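Below: the structure, in structure tokens.
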2 protein chains.
Amino acid sequence: MNESDEDTAGVFRALADPTRRQILQDLRGGELSAGEIVDRFTISAPSISRHLGLLKGAGLVRERRAANRIYYSLVEERLALCVGGFLSAVCPEQVVLRRKRGRSAAKR
Amino acid sequence: MNESDEDTAGVFRALADPTRRQILQDLRGGELSAGEIVDRFTISAPSISRHLGLLKGAGLVRERRAANRIYYSLVEERLALCVGGFLSAVCPEQVVLRRKRGRSAAKR
DNA sequence: TCGGATATTAGCACATTTGCTAAATAGCGA
DNA sequence: TCGCTATTTAGCAAATGTGCTAATATCCGA
């Protein structure tokens, strides 16, 4: 119903896969190259690459290219806003979204 | 990696579908019978029934049978703990999980 | 420019998901 | 018990998702 639905859909679809959730958790410690991520799993590099592409498509990670490598890092705000937003919509009593300072005045 | 992983997996898989997310949001206003839920969508009753079964399997809704009907309602805590827990694991800075009083002393 | 390393894209196989219709089950009231 | 309503179960077709191997970019150093 609300404008961010398609947005949200991509994020939740991305979160449906356990490998992708684990990648996000691994990225919590800071950016990792594609190869470093591959090393943390037993599945093939192309499969990981596809997962990363999906996460990027959902806006949950960004990439930085340096030399031969591509470094991936979390887009934390995106995750927090989409998932936290949904959570707040369904059980607002149970969660508090911590707003980013300086941006919260803008809307609503 | 942590014990609640399988648990979490079921919840995120359940949340991957937009119809199911909408059902959860609709249930926010209180319990609804299966038929009332069907009326809110354009897809068939059997399809809704399956979505409800999946949500129940994930522990996100409970059912109450009364007469001819089956009433579904949210299990808010389950949603908050699973999803909020993941969110806290990935971007702890951005979200606060509001703990249920009386149960929080147990672990740590 | 060649070689090796890093990653992604292509293409295929297999499993899962989702929707539908038809049929079965359950409860209630006459 | 019969019939009506509410809901789920069965079974099937089409779409999606996920993993693999082979092939294709890209970049850097010698």
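The values are calculated or read from the model by the stated rules, or taken from the named source; none is laboratory data. Note that the coordinates shown come from a computational prediction; the quantities given were computed from them, not determined experimentally. Every residue, glycine among them, receives a Cβ derived from its backbone with ideal geometry; neighbour counts consider all protein chains shown.
Quick notes
- Residue, nearest to the other protein chains (Cβ to nearest Cβ), within the range A:39-74, restricted to residues that are without any contact (Cβ under 8 Å) to a residue 24 or more places away in the chain and more than 10 Å from DNA strand D (Cβ to nearest atom): A:Arg40
- A:Leu87 more than 16 Å from DNA strand C (Cβ to nearest atom), at pLDDT 95 or above and surrounded by 14 or more Cβ atoms within 10 Å (Cβ to Cβ): no
- Members of the range B:8-25 found to be more than 9 Å from chain A (Cβ to nearest Cβ) and more than 21 Å from B:Leu81 (Cβ to Cβ), listed by number: B:Thr19
Here's the yes/no breakdown for (1) closer than 30 Å to B:Arg21 by Cβ; (2) near DNA strand C (Cβ under 8 Å from one of its atoms); (3) in contact with a helix residue (DSSP H, G or I) (Cβ under 8 Å, 6 or more places away or on another chain):
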site: A:Gln25; (1), (2), (3): yes, no, yes
site: A:Gly35; (1), (2), (3): no, yes, yes
site: A:Leu52; (1), (2), (3): yes, yes, yes
site: A:Gly57; (1), (2), (3): yes, no, yes
site: A:Arg65; (1), (2), (3): no, no, no
site: A:Arg69; (1), (2), (3): no, yes, yes
site: A:Tyr72; (1), (2), (3): yes, yes, yes
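- Among the candidates B:Arg69, B:Arg28, B:Arg65, residue that is among the charged types (D, E, K, R) and within 16 Å of the chain's Cα centre (by Cα): B:Arg28
- Which listed residue is at pLDDT 95 or above and either assigned to a helix (DSSP H, G or I) or of a type in the set (Ser, Thr, Tyr) (or both), from A:Arg65, A:Arg50: A:Arg50
- Any chance B:Leu79 is surrounded by 13 or more Cβ atoms within 10 Å (Cβ to Cβ), part of a helix (DSSP H, G or I) and modelled with pLDDT of 95 or more: yes
- Within the range B:29-38, the set of residues being more than 6 Å from DNA strand D (Cβ to nearest atom) and not hydrophobic (A, V, I, L, M, F, W, C) comprises B:Gly29, B:Gly30, B:Glu31, B:Glu36.
- Subset of the range A:75-94 that is of a type in the set (Gly, Ala, Ser) and over 15 Å from the mean Cα position of the chain (by Cα) - its residue that is farthest from the other protein chains (Cβ to nearest Cβ): A:Ser88
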